[in-house]
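The values are calculated or read from the model by the stated rules, or taken from the named source; none is laboratory data. These numbers come from a predicted model, not from an experiment. Here Cβ is always computed from backbone atoms with ideal geometry, including for glycine, and neighbour counts include all displayed protein chains. For accessibility, only protein heavy atoms count, side chains too; no ligands or nucleic acids. Shrake-Rupley method; radii C 1.70, N 1.55, O 1.52, S 1.80 Å.
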Amino acid sequence: MNIDLSNRTAVVTGASSGIGKATAIRLAKAGANVFTGDVQLRDETTAEFQSLGIHQQVCDVTNLDQLKSLINGAAKATGRLDILVNNAGIIMVKQIDDVSEEDWDRCIDTNVKAVFFGTKFAIPHMRKVGGGSIVNTASNAGILPRAHDPVYSISKQSVVGITRSLALCHSKDRIRVNCVCPGPVGETEIMEEGLREFADREAAVRKFIYASPLARALDRMISPDEIAQSILYLVSDAAEMVTGTSVTIDGGKSLGVPPEA
Ligand code: NAD
């Protein structure tokens, strides 16, 4: 599909690595003016972004002043805002007995509050240009909660909920709100953090691949760019009638338990 985002302005959060980085690159290559924010800038990403004209700034999405400044700054610099990808997120693998109030606040503030308020800050700019498209990065844990990370699962179910509710509220403004629900994605810091928990890294990679029937059949993990391509479609005019939906890209992981190989 040939997607042209020329003259559109896009903001992507959590873009220094993984899915956010791949998304910023996809959107820029499709012609959008891309503005990114991340709590931490990485040299290799900065170099790649500079070559594509992608703007980068430090932005902690849990700090609403910084989040607002990222979104307002992009709109001010280009005179418009068309696309917002609320992607920044953190994992939390803890059972309820070990979850402190601080843990809860950190996960919910990053994964949920920032998605809601990012959307709130973007809407007035999108109304001014007659509409827009917002994509939130949820997780397949937002569709099928998991036993090992209840707070993360709760946060991503909330992202699916925000997506559906705000899609309903803002269709009248021609603002579409969708989300992607990835399964285990390789080449991301979140996955690396998960893999560090295991003594045998290779065995852990096999475990993640084995959990998704299609990943197992293809013998590889999902790549960040495969998620970015779905986001590209959702923000494009090709998806003009698509809103409130969750696109699951998990190699079939949330379908059920696959048959033994
Ligand atoms: P990643 O860790 O490579 O990227 C996440 C980025 O978000 C990082 O660059 C990090 O610095 C940034 N970030 C974290 N907290 C932030 C904050 N407070 N403010 C601004 N930036 C912040 O991992 P990823 O997999 O690319 O994660 C992107 C999104 O995908 C997350 O929302 C995550 O929950 C979701 N997701 C990931 C997977 C996976 O397997 N990797 C699966 C499902 C969903």
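A few points about this structure:
- All of 60, 65 fail the test of being among the charged types (D, E, K, R), in contact with a Leu (Cβ under 9 Å, 6 or more places away or on another chain), within 13 Å of the ligand (Cβ to nearest atom) and closer than 20 Å to residue 112 by Cβ, apart from 60.
- Residue match in the stretch 126-140 (condition: open to solvent by 40 Å² or more (accessible area, probe 1.4 Å), within 19 Å of the chain's Cα centre (by Cα) and within 12 Å of the ligand (Cβ to nearest atom)): no
- Of the residues in the stretch 92-107, none is of a type in the set (Val, Ile, Thr), within 15 Å of the ligand (Cβ to nearest atom) and open to solvent by less than 60 Å² (accessible area, probe 1.4 Å).
- From 113, 76, residue being open to solvent by 10 Å² or more (accessible area, probe 1.4 Å), assigned to a helix (DSSP H, G or I), in contact with a Leu (Cβ under 9 Å, 6 or more places away or on another chain) and charged (D, E, K, R): 113
- Taken over the stretch 18-51, the criterion of being more than 7 Å from the ligand (Cβ to nearest atom), among the aliphatic types (A, V, I, L, M), more than 13 Å from residue 5 (Cβ to Cβ) and in a helix (DSSP H, G or I) is satisfied by 22, 47.
- Selection from the stretch 8-17 of residues that are within 13 Å of the ligand (Cβ to nearest atom) and more than 18 Å from residue 180 (Cβ to Cβ): 16
- Single residue of 187, 226, 192 found to be out of contact with any helix residue (DSSP H, G or I) (no Cβ under 9 Å at 6 or more places or on another chain), within 16 Å of the ligand (Cβ to nearest atom) and closer than 19 Å to residue 15 by Cβ: 192
- When we screen 166, 234 for residues that are within 30 Å of residue 133 (Cβ to Cβ) and touching a Cys at 6+ places or on another chain (Cβ under 9 Å), the only hit is 234.
- Out of 206, 176, 164, sole residue that is within 16 Å of the ligand (Cβ to nearest atom) and either in a strand (DSSP E or B) or surrounded by fewer than 20 Cβ atoms within 10 Å (Cβ to Cβ) (or both): 206
- Being modelled with pLDDT of 95 or more and exposed (fewer than 14 other Cβ atoms within 10 Å of the Cβ) is a condition met by no residue of the stretch 180-195.
- Residue selected from the stretch 218-256 under the condition at pLDDT below 95 and in a helix (DSSP H, G or I), by the criterion farthest from residue 186 (Cα to Cα): 255
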